[in-house]
C-alpha cells in the first residue's frame, strides 16, 4: 500500500515537472520571435544605406552624361561659328584685295577724264596752225590752253615752286650749275630756273632744277 502511494506521488511529480518545462518553452517562444524580428529589422536597416548609395551613384552618372552632352553641343556650335567666320573673313579678304587692285588700276580715271578736254584743245590748235595766217590769234589760243591747264593743276593740288631769285634750298632745288654774279646779294641765290618744280599740296612733287649764283 505504501509503495503504491509512493509511485502515485512520483508520477504526480513527473507530471508537474513536464508541465513546468512546457510552460517554460512556451514562455521562451516570444523572446525567440522577438530576436528574429530584431535581426530582420537590423538586416533591413543595413540594406537601406546601400540602396541609397546606389541611387546616388546612378544620379551622378546621369548628371555627368548630361554635362558631357551639353559640352559636345556647345563645342559643335562653336566649331560651326568658327567655320562661318573663317569663310566670311576669306570672302572679305578676297573682296578687299580685288578692290585694292581695281583702285590702283583705275585711280587716275577721274584725273585723265579731266585732262582729255585739254587734248581736244591741242588737237584744234594744231589743226588751226596748218591754215593760220594770224600769229596773234594762234598765240592767244595757245595761251588759253596753257591757262586752262594751269587752272586744272591748281584744282588738283598742284602748284609751282617759286624759285627765281630765292635762296638756294636743298629741300626744294636741284643745282645743276653755278654762275658767277657781280651783285653781292645774288650770291647763293637762284639766278635761273632750267626746269620748274611743283608741290602737291604741302609735299614736293618735283624739285626745281636751277642755276645758283656765286
Query raised in the report: Is there a residue in segment 176-191 that is surrounded by 11 or more Cβ atoms within 10 Å (Cβ to Cβ) and part of a helix (DSSP H, G or I)?
Result: yes
Query raised in the report: From the list 148, 114, 81, which residue is surrounded by fewer than 11 Cβ atoms within 10 Å (Cβ to Cβ) and either out of contact with any strand residue (DSSP E or B) (no Cβ under 9 Å at 6 or more places or on another chain) or assigned to a loop (DSSP other than H, G, I, E, B) (or both)?
Result: 81
Query raised in the report: Based on what the data block shows, is residue 132 within 30 Å of residue 199 (Cβ to Cβ) and touching a helix residue (DSSP H, G or I) at 6+ places or on another chain (Cβ under 6 Å)?
Result: no
Report summary line: Subset of segment 156-170, residues out of contact with any strand residue (DSSP E or B) (no Cβ under 7 Å at 6 or more places or on another chain) and modelled with pLDDT of 90 or more, comes to 162, 169, 170
Query raised in the report: Does residue 105 qualify as being within 34 Å of the chain's Cα centre (by Cα) and loosely packed, with under 10 Cβ neighbours inside 10 Å?
Result: yes
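The values are calculated or read from the model by the stated rules, or taken from the named source; none is laboratory data. Everything quoted here is computed from the prediction, not taken from an experiment. Because the Cβ atoms are built from the backbone with ideal geometry, glycine has one as well, and the counts that use them run over all protein chains shown.
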